[in-house]
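Each remark here refers to the structure printed beneath this line.
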Amino acid sequence: MSHVIEMNRVSKIFNDKKAVDGISFTIGKGSITAVLGPNGAGKTTMLSMLLGLLTPTEGTVKVFGLAPKDVKVRERCGAMLQEVSVMDRLKVREIIALIRSYYPQPMDMEFLVRATGLAPADLNRYAEKLSGGQKRSLAFALALAGNPQLLFLDEPTVGLDTTARRQFWDTVRELAAGGTTILFTTHYLQEAEEIADRILLFSQGTLVADGSPEEIKARMIKQSLSFLPAGDAAALRGQLLKLAPVVDCYDKDGRIHVATENTDEALRAIFTGGLAVRNVRIHQGSLDEAFEQLTRNHEEDMKR
């Protein structure tokens, strides 16, 4: 089997509104895939269909080649959802032991404690007495308890401090290196850029971009140059704005920045025109900028 996840022309309609609109993608074993998009983009609906919590209105969803609700699929999956709830009047150790008992080959208890940041003392505490961050660590331990081959994480690091967040992603990398497939949603774009092999960008229920972080950034329409003026800065800005490839011109951090749709053409126009510039730099767009630009372009296209 070549794909762990397959979605083929999947749509989900609620009250005549398409929350997910004809999306198709596949995900292979051992990859780390980030799902990005603004609120209401369809991320949670898509995740719910993969978990078997929702049935698609149109299209097909396969996990390990089977329907998501199949018991053989559920034995191989773990999930950490955004809303964390815990069992009252049970100790952390008891809850983890209970969840581990549901699976044929559960994750080693020692690994669960080490990998999720739970302290040994936490195991003997009642779950309802844990802090918010500790409850999220417990939720992560429960997601891993069944030794999953596929792990779903919905906004997993919300409420975690810097140290806990670093340990969380170290564990995710370790799991992926061992062959576990990871699919996560996040609003922390820096996390997606640093952790993910691949990004799926959603907007208004549609998959608008699919690729590595570098590939997504390369799809930016507007790029930028910056330089120091070799003469009168105000005169230089006026000259720059008259050049056809230049979309915008502004000052930032003591440098003049130029937004353009083609850096090569902009540089050619600057040097051909003999503009007084020095210390030229070409700036690679950030994932944050690419996210904003691609979603904005899609929203504008939908209005036409």
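What follows draws every value from the coordinates through simple rules; no lab data is involved. Remember, it's a predicted structure, so these values are computed and weren't measured experimentally. Counting neighbours? That spans all protein chains shown, and the Cβs are built from the backbone with ideal geometry, glycine included.
Data table
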| quantity | calculated |
| --- | --- |
| Exposure proxy order (Cβ contacts within 10 Å, fewest to most) of LYS62, LYS242 | LYS242, LYS62 |
| Packing-based exposure ordering (other Cβ within 10 Å, fewest first) of LYS91, LYS43, LYS222 | LYS222, LYS91, LYS43 |
| Karplus-derived HN-Hα couplings along the stretch 229-240 (A = 6.51, B = -1.76, C = 1.60, θ = phi - 60°), whole Hz, x at Gly and Pro | x, 8, x, 5, 5, 4, 5, 5, 4, x, 5, 4 |
| Order of ARG237, ARG89 - criterion: other Cβ atoms within 10 Å of each residue's Cβ, fewest first | ARG89, ARG237 |
| Given (i) 15.8; (ii) 19.7; (iii) 14.4, the label whose value is mean projected area of the Cα convex hull in nm² derived from this model | (ii) |
| Unsatisfied cross-links (Cα-Cα over 20 Å) in the set LYS29/LYS62; LYS12/LYS62; LYS43/LYS135; LYS29/LYS72; LYS222/LYS242 | LYS43/LYS135 |
